[in-house]
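A single structure is presented below for examination.
Rule-based calculations on the coordinates, nothing more; no lab input. The shown structure was predicted, so the numbers you read here are calculated from the model rather than taken from an experiment. Reconstructed Cβ throughout: ideal geometry from the backbone, glycine too, with neighbour counts over all protein chains shown.
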Amino acid sequence: MKKILIIASHPDDEVLGCGGVIALACRKGYSVRVVFLAEGVSARYNEEEFSSNKVIAEIDKRNKNAYKALDLLGVSEKEIFTSNRYCCRLDTLPQIELVKDIENHIEDFKPNMVFTHSGDDVNMDHRVSFMASLAALRPIKSQSVSDFLTFEVLSSSEWNTLNPFKPNYFVDITEVLEIKINAMQLYDKEVQEYPHSRSPEMLTALAKYRGSQSYFNAAEAFYIVRKIKNSI
Ligand SMILES: [Zn+2]
């Protein structure tokens, strides 16, 4: 059975980046684990407010939304790992902390495929998550992982107009596009009105654009960092 590990900085990145693939994988009976490296709320507040009941309640709500969204996509609750690390501050932590966290999940879950952020995103947490994943997946011993890919996240990847996401792997998500958008809408505070890029219209537009690059009605696009096969 295939096992897919998603390393995401914040709850909602997994749906934006590969919600379609998650839904397809779950429908096929694959095992999917989602690991968040940070919460996604505290960056909106001053540091003095981080321990306030309001911020703690919002972090809790965001995590609950993650469980709801991933349940809709088909992920088992026991394969969802939230984090209390402060968001937009992952670059202030020793990299080894994140690398060890990812290594432990690889050791425990033994995934075949790993998806994480693009290293060119505007969001620094996304970049740090990519670098930590790259380090955790370094090929120094026999690993279960044969496919290591990055995804694009609207309101981060496309904002780097100097170095936009350059996909080389496309997956037809036509049959699950609606469920991906419904899952995103469960993150009620993160969905915005068009023309914001986290609007249902823009999720659809990106899926259609990536579809047009691969001749599907709707697609998710990825970049293959490494693909390993033991035979041709
Ligand atoms: Zn994010």
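Please give the residues of region 68-90, grouped as numeric ranges, whose backbone N is less than 18 Å from a label point set 7 Å along the Cα-to-Cβ vector of N46.
none
A follow-up question, please. Using alpha-carbon positions, what is the distance between the centroids of region 3-43 and region 117-149, in Å?
Value for the Cα centre distance between the two parts: 14 Å.
Right, something else. Quick one: S212, S118, fewest Cβ neighbours within 10 Å first, how do they rank?
On the way: S212 12, S118 27.
So the residues, fewest neighbours to most, are S212, S118.
Give the cross-link partners of K229 among the lysines, using a straight C-alpha distance below 18 Å as the criterion and excluding same-chain residues fewer than 8 apart.
Here the lysines satisfying the reach criterion relative to K229 are K2, K3, K110, K141.
Let me ask something additional. Per the Kirkwood formula on distinct C-alpha pairs, the Rh of region 36-85 is how many angstrom?
11.6
Could I ask something else about it? If I stretch the segment between M1 and Y215 completely, what's the gain in nm (0.36 nm per residue apart, minus their alpha carbon distance), one decimal? Can you show the working numbers first?
Values: separation 214, 0.36 × 214 = 77.04 nm, distance 2.84 nm.
So the chain would gain 74.2 nm between M1 and Y215.
Kindly provide the helix-only [θ] at 222 nm of the chain, computed as the sum of -39,500 (n - 2.57) over DSSP H runs of four or more divided by all residues, to the nearest 500 deg cm²/dmol?
Roughly -12000 deg cm²/dmol at 222 nm, from the helical runs in the chain.
Below 8 Å between Cα atoms, with a sequence gap of 6+, how large is the relative contact order for the chain in percent?
About 24 percent, as a whole number.
Can you tell me the FRET efficiency between E193 and K64 if r is taken as the Cβ-Cβ distance and R0 is 22 Å, rounded to the nearest 0.05?
0.40
Run the numbers for K166 and Q95: contour at 0.36 nm per residue of separation, minus the present Cα-Cα distance, in nm.
Computed gain between K166 and Q95 is 23.0 nm.
Oh, and also: Can you give me the orientation-averaged projected area of the convex hull built on the Cα atoms of region 3-227, in nm²?
Answer in nm², one decimal: 11.9.
Using r as the Cβ-Cβ distance of E158 and S231, and R0 as 45 Å, what FRET efficiency do you calculate, to the nearest 0.05? Before the final figure, lay out each step's value.
On the way: r = 37 Å, r/R0 = 0.83.
Efficiency computed from Cβ-Cβ geometry: 0.75.
Longer than 26 Å from Cα to Cα, which of K28/K208; K78/K180; K61/K208; K28/K78; K61/K227; K166/K208 are they? Say none if no pair is.
K61/K208; K61/K227
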